[in-house]
Structure formats: structure tokens, C-alpha cells
Amino acid sequence: MNREEKKALTRQRIADSAKELFEQHGYDATTVQQIADRAEVAKGTFFNYFSSKEDLMLELQGMMIIKQIETMIGKPGPVMPRLLVTVLDFARNFPMNRSVTRAVIQGICGSAKLREVQCDRWVKLHE
């Protein structure tokens, strides 16, 4: 395994560990140390990949949204109505359980940084 593959694997382990802990304990109650411990990396290693728990949450959320948008590529018709249907369908059938969904919402609503990024994303999406 080359260095880039190892880095990608470590990043994914951290993200997967965070999702599991958010599911068990919620976003606010989960610490960076807990995420690092679950991923079997040092806390400093976490910060090599993510500058904060909020940045990790934004990446998780972004990955889920991108997967949904990718399902629309190449399909005929206007984009915005299809995107609205996709986003609403995504919300109805969120790919994680209720605990993780609650953690995502808590993270967005409880963090000024996450709220700001989310608002910026919606403005750009609207444009």
C-alpha cells in the first residue's frame, strides 16, 4: 500500500469512527479524543486530517450530499426540480439511523461555524 492509499484509509477510519460515536453518544457528547481512540490513531493525527470536529462533520455531510447529486448526472430535464426531489428524498430516507441524523442536526444547529457553512452552501446551490 502506497502512502496516499494509507492516508485515505486513515481518513476513512476516522470518519467511520466519528459516525459510529455520533450514533452512540450524539455529536455534542463525542470528543475528538474518543474519535481518535476508536480510529486507533493519536489525537494529533486526527488534526492532521481535520482541523476540528466541525470540519469532520462538514465532510461527512458533504460526502452524503455529493452521493445524492451524483445520481442526477446525465439524466434529462431541468436540474433544480430534480435536485429538490433528490434532496427531499434524501431527507426522508437519510442513510444513517435516527441517532446519527440527530447528531448531524445538533452539529449544524449548535455550531455557528457549521450554520455559516450550511447557509453558504445553500446560497451557492441556489445560484
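The values are calculated or read from the model by the stated rules, or taken from the named source; none is laboratory data. All values derive from a computational prediction rather than experimental measurement. Areas reflect the complete protein model, heavy atoms only, side chains present, ligands, DNA and RNA absent. Shrake-Rupley method; radii C 1.70, N 1.55, O 1.52, S 1.80 Å.
Listed by chain and number, the lysines whose alpha-carbon sits under 22 Å from that of K19, ignoring those within fewer than 8 places in the same chain, are K6, K7, K43, K53, K67, K113.
On full extension, the segment bounded by Q33 and K75 gains 10.8 nm, given 0.36 nm per residue less the C-alpha separation. Remark: the E20-E4 segment gains 3.3 nm on full extension, using 0.36 nm per residue and subtracting the alpha carbon distance. In order along the range 34-45, the Karplus-derived 3J(HN,Hα) couplings, from 6.51 cos²θ - 1.76 cosθ + 1.60 at θ = phi - 60°, round to 4, 4, 4, 4, 5, 7, 6, 10, 6, 4, x, 5 Hz, and Gly and Pro are given as x. Over the range 1-46, the fraction of Cα-Cα pairs per 10 Å bin, rounded to whole percents and listed from the shortest bin up, is 30, 51, 16, 3. A 1.4 Å probe over all protein chains sorts T10, T31 by accessible area into T31, T10, starting with the largest.
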